[in-house]
């Protein structure tokens, strides 16, 4: 699982507990303070299945087609290059993987339009601000 824009680990840590020691959570952020907070919290809670990744672009360095779920919560309004973000998320997701989004400060209708115009994803379901998005598979 990838928590893209993880911040201080609000979702990273609980998900790491759910996936357990056989699962892995990549905590990705552009803020060094966020990454250090996640590292500190993971250490305090003895969670060895969290891998913090500090990025300066949209490239995470995560192995392609290896991720079941990408979480993008209250981060979308801060994205400058949607195409780069969606290319990276599409690259790391397995064919049957999913992207869960809460656009936060952006309207869901606008977010859905941006997601689908990427040509890489299809919206599966919207409930309130929550969006479940699936990668398109190329033959």
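Structural remarks
- Filter pass, residue 75 being under 20 Å from residue 131 (Cα atoms), touching a residue at least 24 places away in the same chain (Cβ under 8 Å) and buried (at least 18 other Cβ atoms within 10 Å of the Cβ): yes
- Looking across 94, 107, 80, one residue alone is over 12 Å from the mean Cα position of the chain (by Cα), closer than 19 Å to residue 29 by Cβ and free of Cβ contacts under 8 Å to residues at least 60 places away in the same chain. It is 80.
- Screening the candidates 29, 3 for the property of being in contact with a helix residue (DSSP H, G or I) (Cβ under 6 Å, 6 or more places away or on another chain) and in contact (Cβ under 8 Å) with a residue 60 or more places away in the chain yields one hit, 3.
- Scanning the range 122-132 for residues that are in contact (Cβ under 8 Å) with a residue 24 or more places away in the chain and in contact with a helix residue (DSSP H, G or I) (Cβ under 9 Å, 6 or more places away or on another chain) yields 129, 130, 131.
- Condition broken by residue 56, with the remaining ones in (1) over 14 Å from the mean Cα position of the chain (by Cα); (2) closer than 14 Å to residue 28 by Cα; (3) surrounded by 15 or more Cβ atoms within 10 Å (Cβ to Cβ) satisfied: (3)
- Residue tally, condition surrounded by 12 or more Cβ atoms within 10 Å (Cβ to Cβ) and in contact with a helix residue (DSSP H, G or I) (Cβ under 7 Å, 6 or more places away or on another chain), over the range 80-121: 11
- Test: residue 37 is without any contact (Cβ under 8 Å) to a residue 60 or more places away in the chain, in contact with a helix residue (DSSP H, G or I) (Cβ under 7 Å, 6 or more places away or on another chain) and either farther than 30 Å from residue 119 by Cβ or surrounded by 14 or more Cβ atoms within 10 Å (Cβ to Cβ) (or both): no
No value in this document is a laboratory result; all are computed from the given coordinates. Since this is a predicted model, take the numbers as computed values, not measurements. No Cβ is skipped: glycine too gets one built from the backbone with ideal geometry, and neighbour counts run over all protein chains shown.
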